[in-house]
Structures are given as C-alpha cells and as structure tokens.
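Beneath this line is the structure, given in structure tokens, with notes to follow.
The values are calculated or read from the model by the stated rules, or taken from the named source; none is laboratory data. The structure displayed is predicted, hence computed values, not measured ones. Cβ coordinates were reconstructed from backbone atoms using ideal geometry, including for glycine residues, and neighbour counts include every protein chain displayed. Quick note on the areas: whole protein, heavy atoms, side chains included, nothing else; ligands and nucleic acids left out. Shrake-Rupley method; radii C 1.70, N 1.55, O 1.52, S 1.80 Å.
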Amino acid sequence: MPLSRLNEEQKNAATADLGYNLIIASAGTGKTSTIVARIAYLLKQGVKPEDILLLTFTNKASKEMIERIANYFDEKTVKQIEAGTFHSVSYRLLKKSGKKIVLKQPKELKILLKSIYEKRVFTHIDSKIRQYQYSYLYDIFSLYQNSSVENFSSWLCKKNPDQEPFLDIYEDIFNEFKELKNKFGYVGYNDLLINIIEESKQNKINFKEILVDEYQDTNSLQGRVIDSFECDSLFCVGDYDQSIYAFNGADINIIGSFKQRYKNAKIYTLNKNYRSTKQILSLANRVIKKNPRIYKKELIVTKEHKDIPPKLFVFEEVFEQYQQIAKKIKYSSSKNEDIAILFRNNSSADGMEATLRELGINCKRKGSISFFETKEIKSLLNIISLMINPKDIMAFVNIFEYAKGIGSVIGKEIFEALYKLGKGNTLKGLIQPDSEVKNPFGKKNQNYQLGLFDDFENLGSVARFRDMNFDEKFLSNPILKHPKISKEGALFIYSLYNFVKNSHNTKSPYKIITKLINSNLYHFIAQTISYQRATKKNRILDKELSEEIKQKIIQKAWILSNIAKNYHDIEKFLNALVLGSSEMTEGEGVNLLSIHASKGLEFKEVYIIDLMDGRFPNRKLMSQGGSLEEERRLFYVATTRAKELLYLSFAKYDRIKKIEYKHSIFLEEAGLIRA
C-alpha cells in the first residue's frame with residue numbers, strides 16, 4: 001500500500017483525522033505521493049469512492065494520481081472517484097445534473113464579445129483616456145470574476161478610475177454578452193465555476209472529503225467553489241512560497257488564513273526534499289527567506305548525489321548570453337529533454353529559441369500556439385461544432401472571419417437571420433428557410449448614451465448574384481438580400497450551404513472531417529490563411545509561398561482526421577479536444593519555459609536567464625499591481641526545478657534596445673554577487 005512508502009511526516013498527513021487539514025508541501029517533498037496515499041487511506045477506511053473529490057490545476061496531475069491509485073484498487077472503484085481540474089469537474093457535475101451547456105474557449109468568446117463591442121461608439125464621450133479594446137476588456141472582466149464578488153463597475157473604478165466615463169457602455173456590453181451566452185447555452189471557464197456554485201446552492205453537492213492540490217494557487221472564485229460543496233473533511237496541499245499566479249487572481253491569503261477560516265484546522269508540514277541537491281536548496285532558501293514567513297518550515301536534503309554548486313554567468317551583451325548558453329547546452333552530457341531554460345519575459349524566450357535553432361538544437365517552447373489553436377485547425381473544429389449545435393453563434397462568427405468582406409458584425413447579423421429562418425436552427429435556415437419570413441433582418445436598437453447609433457440599411461437585390469451558378473433554392477434564401485454581402489462573400493456562404501446539405505447526416509468524426517477537407521468551404525479557409533501568411537510587409541503576395549503554406553495547412557487537417565479515427569461520437573470528439581488540447585504534447589528537445597509554465601516540473605539541468613533588474617524582478621509588472629514578494633516566489637520556483645545542475649545568467653547591455661542593465665537583486669540575496 002502507498003502508506004508503507006511514506007516518511008513519517010507524509011504518513012502523519014495522509015492518515016490525519018477527517019476535518020480541516022492543510023499540508024504545507026515545499027518543492028520536491030513528495031506531495032503527490034502524500035495525496036495518493038491519503039485517497040488510498042480513505043478507501044481502506046470505508047469511504048465510498050464516489051464520496052471523494054480530487055481537485056487539481058491540470059488534468060495531467062489528476063490523471064497521474066488516479067493511475068497511481070489504480071495500482072492498489074480495482075478499476076471500478078477508481079473510476080468512481082471524482083477527479084480533475086476545477087473546470088473539468090464542474091463541467092461533469094453540471095452535465096450530470098442535466099444542464100445543457102456548450103463549452104467555449106476564451107478565444108472564441110472574445111470573438112463574440114467583439115461582435116457586440118464593435119456596435120458601440122465611444123467617441124461621443126469627452127475623455128482624454130482611451131477605452132479598453134475588446135480583447136483587454138474580456139481579460140479584465142475575467143480577472144474580476146476570479147478575484148471579486150462586488151459589482152464590476154465598482155471593482156474596475158477602484159482598479160482604474162480613469163475608465164469611469166466608459167462604465168455604462170462596459171456594463172451594457174457585458175449584459176448583452178451574458179444574454180447571448182444564456183440564449184445559446186455557452187459557458188466559458190469562469191462560467192463553469194459560477195454555474196456550479198449556483199447549482200450547489202439549489203441542489204446540495206455532497207462529498208465525504210475534498211482534496212485540493214496546489215492550494216496556494218486558488219483564487220477567490222475557486223475558493224467559493226470549494227466552500228459551496230458540502231463535505232465532512234477538507235485536505236488541502238500547497239506551499240505559500242510557490243504562490244505565483246496573482247496576475248490571474250490567485251490569492252495567497254486563502255492558504256495564509258486557513259487556520260483562521262476553519263475551526264479546529266490542523267497544519268502538517270513536509271520538510272524532506274527528494275529533488276534537489278543541498279547547494280541548490282540552500283540558494284533557493286536564502287532568497288525566499290526574505291519574504292514574510294506565514295508557516296514555519298525548514299527543508300531537509302535527502303538527495304545523495306554529487307553536490308555541484310550553482311554557477312553564475314555574467315555577459316557583456318544579451319545576445320552573447322543566449323549564444324554562449326546555447327553552445328554550453330550543445331556540448332552538455334545531459335539529454336535535451338532533461339534540460340530546461342527558464343525565463344521571466346517572452347522577449348527572453350524569442351532570442352534564446354533563435355540561437356538554439358541556429359545551432360541545430362531542438363527545443364519545445366511551452367506557451368506557443370499549439371496544433372489545436374492554429375487557425376486551420378480551429379476553423380475545422382468550429383465547423384464541426386456548428387454541425388453538432390446549429391445554435392452555436394460563436395462557431396458561426398469564427399467561420400465567417402474567413403469570408404471576404406464579412407467580419408464578425410456582419411457574420412453575427414447573418415447568423416441571427418438564419419436563426420429566424422430556421423426557427424432556432426441556423427443550418428435549417430440555410431438549406432430549408434421558412435418561406436413565410438421575407439425579411440429576417442430587423443431594425444437595430446439605438447441608444448445614444450450606450451454608443452448604439454446604427455440602423456439597418458435598405459435591403460439589397462439578389463439579382464446581383466444571378467450570374468454565379470448558384471442553384472435556385474439557394475438564390476431564394478432571404479439572407480442574400482443583406483446589402484453588404486459581396487460576390488466573394490456569397491460564394492463562401494454557398495460553399496457552406498453545399499457542405500451542410502451533403503454532410504448534415506454524417507455522424508462519424510473521421511468521415512465529416514474528410515468531407516470537409518475536400519470541400520470548397522475549407523478550400524476558401526485554407527486560401528485565406530495562406531494569403532495572410534504569405535503577404536509581406538509591403539502588402540505584396542508571395543504566390544509560391546502561399547501555395548506551399550496551403551499544402552501545409554491541408555497536411556495539418558489530415559493529422560486531425562487521423563486523431564478523429566479514435567472516436568465514434570462527434571460530440572465526444574469535440575469535447576475531448578476543447579477540454580484537453582492545451583495539455584497535449586508539444587514536441588521534443590530542450591525545454592524552453594516561462595517560470596509559470598515550469599511549475600510542477602523538474603529537470604536535471606536548469607538555466608535561469610536574463611537575471612537583470614527590471615527584467616527579473618519585472619519592475620513594470622510590479623508597478624502595475626505586482627510585488628517584489630511575488631517575483632521572489634517566482635525565483636524560488638525557478639531554482640527549485642533543478643535536480644543537479646543550476647546555472648544563472650545576466651547581461652550588462654542590450655545593443656538592440658540600447659539599455660544598460662544592473663544585476664537582479666535576487667543574485668545578491670542568493671550570495672552570488674556582493675551588494
């Protein structure tokens with residue numbers, strides 16, 4: 001059993017009485033083993049598996065823990081444990097309760113918000129401050145949802161009083177945004193958590209014990225999710241020194257106030273480190289001790305290995321730093337997969353990646369656009385989503401971003417017209433429109449105060465499309481009366497019409513993707529993307545490059561069709577990609593990671609680059625609401641990723657930006673540079 005493999009501290013925590021238990025698990029102290037042992041202990045004590053909830057911050061983490069538990073219990077028992085991220089667990093519980101929801105990723109919801117935002121006019125407001133653009137407005141609203149329960153306008157006014165003139169418009173935009181999401185059953189990641197809190201209020205959700213991994217990273221919204229469930233016992237595992245997600249609403253006070261918030265709470269501490277050498281841990285501890293101590297702890301090194309002291313490299317110029325580190329890696333005895341380069345800012349990664357590639361060193365950069373987030377794959381998935389759910393306005397608007405002369409606003413108007421023509425089914429409105437609806441385009445609202453001025457123009461004539469070889473049934477569709485649809489736009493709609501007509505009864509994910517790849521619809525999409533990528537800064541199209549890019553786009557689409565062979569149900573296929581795509585493999589080679597992305601990982605050989613004051617700690621982010629304590633925790637996380645070899649570096653000058661740099665304060669605190 002897992003308990004037999006634990007040290008005394010881990011065993012005491014894993015066998016704690018039911019109640020409110022907080023386990024302080026510093027870097028490398030075996031928190032995963034402790035959580036696995038705790039679940040095994042609960043099962044042995046007679047707790048039913050369905051009464052156990054495990055909340056993690058990645059699906060990968062929960063999968064690993066459940067697989068380890070499966071070594072000791074039968075498959076039927078293990079499958080009944082509710083485990084996953086806050087979002088995936090909330091999604092399953094909401095589905096189980098009968099809620100009809102369509103999960104949408106942030107990029108998709110931003111397009112929907114954009115279609116609402118672009119109807120507004122801000123220039124009538126006498127303000128010297130510019131309003132937020134739709135993308136940033138979405139992000140700031142997401143931060144608000146994660147970190148506050150007060151009114152959005154009040155919260156934003158405190159955060160940025162300059163935005164007060166625009167608050168009424170912002171409020172109205174989000175009211176319409178909420179109405180549209182409710183109308184079509186859309187939920188974003190934050191909505192999943194908000195909805196499960198409401199569901200738990202109406203129909204109590206009970207567990208015997210809730211286990212929470214990485215508890216220091218919970219934000220206010222996630223904290224409310226935990227508190228909304230009924231449970232006899234709470235088992236939270238985390239480390240306040242690794243709380244690094246304040247920018248995303250994470251609140252270190254949640255772990256800091258555990259004993260005050262829960263009556264008779266007990267604190268357990270795991271002190272034995274099994275990852276890093278003594279000198280690496282010593283450096284990390286010298287720095288992190290500068291932060292206020294919330295809970296007492298003192299790490300004990302258990303690793304018996306050659307203890308090589310961390311080394312500092314100082315360079316005259318930034319790119320010289322990148323080149324020399326790349327050369328050192330080239331001749332390293334460590335495997336590429338065992339090496340990580342950690343950075344605080346993306347600009348550091350750009351230069352480092354370029355120099356690694358130049359020397360022929362493979363690297364994988366976590367945080368770059370994944371296969372499933374590329375335009376060519378997202379467009380395929382949006383079309384599939386529309387076939388599954390004809391009410392999916394987001395998928396529709398995203399698809400029409402590739403139609404010439406049709407953007408998000410016109411795309412939304414066409415969707416709403418088809419929605420009327422199909423009596424709630426846009427695909428039916430496209431191929432079998434209601435003949436009684438003569439004008440599906442209604443008048444738009446006007447509201448001077450909220451920036452709504454536009455009214456619908458006169459309807460256009462369908463006669464302008466008579467020479468385009470469209471079939472008569474399509475030509476009779478009232479949507480072609482939209483005055484702003486060009487001939488190119490009409491061709492795109494016609495290609496969608498033909499694809500829907502020929503594919504709406506196809507259920508196999510593989511077959512529907514194959515049909516799509518061979519359709520005129522995907523031809524238009526691939527051509528639009530290839531033109532965009534092959535157009536130079538002087539706006540001249542490189543036709544040869546465009547054709548090459550188009551072939552690569554088609555090749556990527558066939559990769560998706562191969563993945564689809566493993567699925568028989570189109571809806572399960574789509575949901576699997578939406579919930580899991582961000583954690584799928586990103587290739588092989590040296591690991592080029594932001595410090596945030598490195599969390600929870602470990603490597604034999606670690607390089608922390610650009611340790612210059614201003615870059616790390618990042619003074620700009622500190623001035624925008626961050627803190628030196630948060631930056632110091634980032635440094636602690638970075639250094640404790642290293643098992644055997646730790647290298648730190650900085651440069652004195654950036655010749656491109658023409659900036660002279662001073663070393664990071666953390667190098668002084670680490671004892672590598674004298675103050």
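Listed values, structure above:
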{"quantity": "Residue pairs meeting the criteria (Cβ under 6 Å; at least 6 apart or on separate chains; first in contact (Cβ under 8 Å) with a residue 12 or more places away in the chain, in segment 144-156; second assigned to a loop (DSSP other than H, G, I, E, B))", "calculated": "N146/G249; S147/G249"}
{"quantity": "Any hit, segment 317-338, residues being touching a residue at least 12 places away in the same chain (Cβ under 8 Å), hydroxyl-bearing (S, T, Y) and in contact with a Ser or Thr (Cβ under 9 Å, 6 or more places away or on another chain)", "calculated": "yes"}
{"quantity": "Helices (runs of 4 or more DSSP H) (entirely within segment 224-320) containing at least 3 residues that are more than 28 Å from N146 (Cβ to Cβ)", "calculated": "278-288"}
{"quantity": "Selection count, segment 551-566, where residues are open to solvent by 30 Å² or more (accessible area, probe 1.4 Å) and in a helix (DSSP H, G or I)", "calculated": "9"}
{"quantity": "Lone qualifier among A354, A349, A395, A403 - being of a type in the set (G, A, S) and either open to solvent by 50 Å² or more (accessible area, probe 1.4 Å) or over 27 Å from K556 (Cβ atoms) (or both)", "calculated": "A354"}
{"quantity": "Helices (runs of 4 or more DSSP H) completely within segment 115-193 that count 3 or more residues being over 23 Å from K100 (Cβ atoms) and open to solvent by 50 Å² or more (accessible area, probe 1.4 Å)", "calculated": "134-147, 152-159"}
{"quantity": "Test set (1) outside any helix (DSSP H, G or I); (2) modelled with pLDDT of 90 or more; (3) not aromatic (F, W, Y) - G360 fails condition number", "calculated": "(2)"}
{"quantity": "Failed item in (1) among the hydrophobic types (A, V, I, L, M, F, W, C); (2) open to solvent by 70 Å² or more (accessible area, probe 1.4 Å); (3) under 32 Å from the mean Cα position of the chain (by Cα), with I280 passing the rest", "calculated": "(2)"}
{"quantity": "Inter-residue pairs, beta-carbon under 6 Å, first among the hydrophobic types (A, V, I, L, M, F, W, C) and in segment 166-186, second open to solvent by 20 Å² or more (accessible area, probe 1.4 Å) and outside any helix (DSSP H, G or I), 6+ apart", "calculated": "F166/Q131; I169/L450; F184/K391"}
{"quantity": "Segment 121-159, residues that are among the charged types (D, E, K, R) and either under 24 Å from S379 (Cα atoms) or in contact with an Asp or Glu (Cβ under 8 Å, 6 or more places away or on another chain) (or both)", "calculated": "D139"}
{"quantity": "Filtered residue count, segment 194-215, keeping only those that are closer than 17 Å to V102 by Cα and crowded, with 21+ Cβ neighbours inside 10 Å", "calculated": "1"}
{"quantity": "Identity of the residue in segment 622-652, of a type in the set (S, T, Y) and in contact with a Phe, Trp or Tyr (Cβ under 7 Å, 6 or more places away or on another chain), that ends up surrounded by the fewest Cβ atoms within 10 Å (Cβ to Cβ)", "calculated": "Y647"}
{"quantity": "Pairs, first in contact (Cβ under 8 Å) with a residue 12 or more places away in the chain in segment 622-633, second open to solvent by 40 Å² or more (accessible area, probe 1.4 Å), C-beta under 6 Å, six or more apart", "calculated": "E630/A246"}
{"quantity": "Pick from segment 240-258, criterion of a type outside the set (G, A, S) and out of contact with any helix residue (DSSP H, G or I) (no Cβ under 7 Å at 6 or more places or on another chain), ranking: least open to solvent (accessible area, probe 1.4 Å)", "calculated": "F258"}
{"quantity": "Every residue from segment 1-30 that is assigned to a helix (DSSP H, G or I), within 20 Å of A61 (Cα to Cα) and modelled with pLDDT of 90 or more", "calculated": "Q10, A13, A14"}
{"quantity": "Residue match in segment 208-215 (condition: modelled with pLDDT under 90 and charged (D, E, K, R))", "calculated": "no"}
{"quantity": "So E64, is it of a type outside the set (F, W, Y), assigned to a helix (DSSP H, G or I) and over 26 Å from the mean Cα position of the chain (by Cα)", "calculated": "no"}
{"quantity": "Pairs where the first residue, in segment 524-537, is open to solvent by 10 Å² or more (accessible area, probe 1.4 Å) and the second is charged (D, E, K, R), C-beta under 8 Å, 6+ apart", "calculated": "Q527/K550; T528/K404; T535/D542; K536/D542"}
{"quantity": "Selection count, segment 597-621, where residues are part of a helix (DSSP H, G or I) and open to solvent by less than 40 Å² (accessible area, probe 1.4 Å)", "calculated": "2"}
{"quantity": "Checking I35 against (1) hydrophobic (A, V, I, L, M, F, W, C); (2) surrounded by fewer than 17 Cβ atoms within 10 Å (Cβ to Cβ); (3) under 31 Å from the mean Cα position of the chain (by Cα), the condition it does not meet", "calculated": "(2)"}
{"quantity": "Selection within segment 239-253 - closer than 9 Å to L634 by Cα and over 20 Å from the mean Cα position of the chain (by Cα)", "calculated": "D241"}
{"quantity": "Residue match in segment 336-346 (condition: at pLDDT 75 or above, more than 26 Å from the chain's Cα centre (by Cα) and either of a type in the set (S, T, N, Q) or open to solvent by 40 Å² or more (accessible area, probe 1.4 Å) (or both))", "calculated": "yes"}
{"quantity": "Residue within segment 89-108 that is over 30 Å from the mean Cα position of the chain (by Cα), of a type in the set (A, V, I, L, M) and assigned to a helix (DSSP H, G or I) present", "calculated": "no"}
{"quantity": "Qualifying residue in segment 373-384 (condition: open to solvent by less than 30 Å² (accessible area, probe 1.4 Å), over 19 Å from A638 (Cβ atoms), more than 19 Å from the chain's Cα centre (by Cα) and polar (S, T, N, Q))", "calculated": "no"}
{"quantity": "Tally of residues being crowded, with 21+ Cβ neighbours inside 10 Å and in contact with a Gly (Cβ under 7 Å, 6 or more places away or on another chain) across segment 416-429", "calculated": "5"}
{"quantity": "Tally of residues being under 26 Å from K473 (Cβ atoms) and either in a helix (DSSP H, G or I) or touching an Asp or Glu at 6+ places or on another chain (Cβ under 9 Å) (or both) across segment 498-526", "calculated": "19"}
{"quantity": "Enumeration of residues in segment 313-324 that are surrounded by 16 or more Cβ atoms within 10 Å (Cβ to Cβ) and modelled with pLDDT of 95 or more", "calculated": "F313, F315"}
{"quantity": "Any chance L53 is buried (at least 17 other Cβ atoms within 10 Å of the Cβ), of a type in the set (A, V, I, L, M), touching a Gly at 6+ places or on another chain (Cβ under 6 Å) and not in a loop (DSSP other than H, G, I, E, B)", "calculated": "no"}
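Here is a yes/no grid of residues against (1) outside any helix (DSSP H, G or I); (2) under 27 Å from I512 (Cα atoms); (3) among the polar types (S, T, N, Q); (4) modelled with pLDDT under 90:
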{"position": "V397", "(1), (2), (3), (4)": "no, yes, no, yes"}
{"position": "G429", "(1), (2), (3), (4)": "no, yes, no, no"}
{"position": "F441", "(1), (2), (3), (4)": "yes, no, no, yes"}
{"position": "D454", "(1), (2), (3), (4)": "yes, no, no, yes"}
{"position": "I485", "(1), (2), (3), (4)": "yes, no, no, yes"}
